[in-house]
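The values are calculated or read from the model by the stated rules, or taken from the named source; none is laboratory data. Fair warning: this is a prediction, and the values are worked out from it, not measured in the lab. Reconstructed Cβ throughout: ideal geometry from the backbone, glycine too, with neighbour counts over all protein chains shown. Calculation scope for accessible area: heavy atoms of the full protein, side chains included, ligands and nucleic acids excluded. Shrake-Rupley method; radii C 1.70, N 1.55, O 1.52, S 1.80 Å.
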Amino acid sequence: MGFGTYVADRLVPLAAGAVALAFSALVMSVYGLEPAAVGFVCTVLALAAVAALVLDWLHRRSFYRRIADALDALDEPYLVTELVDRPGFPEGELFFDALDRESKAMRDRIAAARRSRREYREYVETWVHEIKTPIAAARLVVRNNPSPAMDSVDAELDEIEGYVEQALYYSRGTSLDRDFQIREVVLGDVVRAALRHKARTLIGARVAPVLGELSLTVHADPKWLSFVIGQVLVNAAKYRSEKDGRGSVRIWAERHETGMDAWATRLVIADDGVGIPASDVGRVFDKGFTGENGRRFARSTGMGLYLVRELCRKMGVEVWLESEEGVGTTVCLSFPDMVERA
């Protein structure tokens with residue numbers, strides 16, 4: 001709060017004080033007080049009023065500045081009253097009490113929202129585990145009754161299972177308190193686990209994996225990383241080239257320098273599919289974005305690459321893709337080296 005703003009807010013009492021001072025000077029003059037004495041008294045009173053005004057402004061400014069600094073420093077501004085002491089002037093006390101009440105109400109609302117989100121997440125996870133039983137039963141019926149129609153049903157079950165898996169990881173991605181553990185993993189092990197899990201999808205789409213160097217070690221959650229790789233593989237199968245109905249996806253790892261004496265491990269997954277239109281490349285990781293390919297070639301929820309980005313972000317992994325329409329798409333995951341701490 002600037003001094004000009006403070007003075008402007010007190011124009012009425014200042015004007016009343018000025019009128020009172022002028023009236024007092026007039027009275028002293030009427031009663032025959034020397035002009036020098038009248039001027040001296042008025043000057044002293046005016047200086048005292050100005051001093052009081054400045055001191056009061058400094059006191060108030062200190063409180064409001066502490067409030068502003070705390071708001072700038074906090075990621076959760078509603079906690080500001082926890083860092084600032086209650087002021088010693090009436091207006092500030094009223095402001096502080098109102099802010100504190102709002103802060104407590106906000107904390108209560110946030111706690112309720114977190115409880116609701118936790119309960120919803122637990123429900124989704126329970127539902128996911130329960131739905132696996134009828135899916136497994138349906139798959140057993142399909143395999144015990146082989147026929148072209150049952151093969152189509154089996155493919156649809158794969159789709160259902162993929163969407164259920166997305167729901168599970170979307171739920172788990174909102175919290176790191178469970179089922180999340182960063183540890184040292186060999187990329188080859190995780191890639192092969194993802195390939196086994198998505199084997200039917202790749203075989204059905206006639207997309208062949210071609211593996212390169214994958215013996216490098218990174219730090220990640222193996223389940224989350226396997227899911228991330230699986231989503232990229234599903235996209236490679238969905239958007240395979242239409243030229244001869246066959247395709248391939250090449251997967252390899254490499255080391256690359258990120259700065260002076262700083263290195264990272266990059267996992268590259270490159271397909272030779274239809275590619276992504278240039279106008280869509282910058283938005284493919286957005287939640288719910290399906291793009292032109294999602295409308296033309298396959299049913300798409302727009303959640304796969306969104307989950308890839310979110311899970312990578314939570315693991316501290318950088319993800320990006322490059323694509324050329326008609327040539328293919330390359331997805332890169334960059335794992336920073338973990339520095340040992342003493």
Over the stretch 124-194, with neighbouring protein chains present, the accessible area per residue in Å² at probe 1.4 Å is 57 Å²
For Cα Rg over 2.2 N^0.38 Å the list reads (1) 0.99; (2) 1.70; (3) 1.14; the calculated value is entry (2)
Here the net charge surrounding residue 212, from other residues whose Cβ is less than 10 Å away from its Cβ (Lys, Arg +1; Asp, Glu -1), is -1
So, with points 7 Å from each Cα along the Cβ direction, the residue 131-residue 143 label distance in nm works out to 2.1 nm
Computed for the stretch 225-328: size of charge dipole around the Cα centre, +1 on C-beta of each Lys and Arg, -1 on C-beta of each Asp and Glu, debye to nearest 20, value 480 debye
Whole-percent carbon and sulfur contribution to the accessible surface of the chain (1.4 Å, no ligands, DNA or RNA) stands at 57 percent
Taking alpha-carbon centroids only, the stretch 98-130 lies from the stretch 182-222 a number of Å equal to 36 Å
Relative contact order of the stretch 1-109 (C-alpha contacts under 8 Å, at least 6 apart) in percent is 20 percent
At the level of C-alpha centres, the distance separating the stretch 34-75 and the stretch 267-337, in angstrom, is 61 Å
Heavy-atom accessible area of residue 116, protein chains in place, probe 1.4 angstrom, given in Å² to nearest 10, is 70 Å²
Reported to the nearest 10 Å², residue 256 has, with a 1.4 Å probe, an accessible area equal to 30 Å²
Helix 222-238 sits off the longest principal axis of the Cα atoms of the chain, rounded to the nearest 10 on a 0 to 90 degree scale, by 60 degrees
Taking Cα atoms only, helix 90-144 is inclined relative to the longest principal axis of the chain by an angle, in degrees rounded to 10, of 10 degrees
With Cα springs under 10 Å, the Gaussian network model of the chain assigns the largest mean-square fluctuation among 273, 291, 39 to 39
Dipole check, the chain, charges on Cβ (K,R +1; D,E -1), about Cα centroid: among 211, 41, 77 the Cα furthest to the positive pole belongs to 211
Rounded to the nearest 10 Å², the 1.4 Å probe accessible area of residue 120 is 150 Å²
Using alpha-carbon positions, the gyration tensor of the stretch 15-157 gives root eigenvalues a ≥ b ≥ c; with a/c under 1.5 called rounded, otherwise prolate if a/b exceeds b/c, else oblate, the class is prolate
Yeah, the stretch 213-342 with a ≥ b ≥ c from its alpha-carbon gyration tensor (a/c under 1.5 is rounded, else prolate when a/b outruns b/c, oblate otherwise) is prolate
The answer for the longest stretch of the chain without any exposed GluC sites (Glu not before Pro) (DSSP loop, at most 14 further Cβ atoms within 10 Å) is 1-212
Among 78, 123, 169, the residue with the largest mean-square fluctuation in a Gaussian network model of the chain built from Cα contacts under 10 Å is 78
Under 21 Å between C-alpha atoms, the lysine pairs in the chain lying 8 or more places apart or on different chains count 7
Taking only protein heavy atoms and a 1.4 Å probe, the highest-to-lowest accessible-area order of 40, 180 is 40, 180
If one builds a Gaussian network model of the chain from Cα atoms under 10 Å apart, the most fluctuating residue listed among 14, 168, 187 is 14
Of all DSSP beta bridges having both residues in the stretch 186-342, the percent classed as antiparallel (nearest 5) is 85 percent
With the 8 Å Cα cutoff and a minimum separation of six or more residues, the chain has a relative contact order in percent of 11 percent
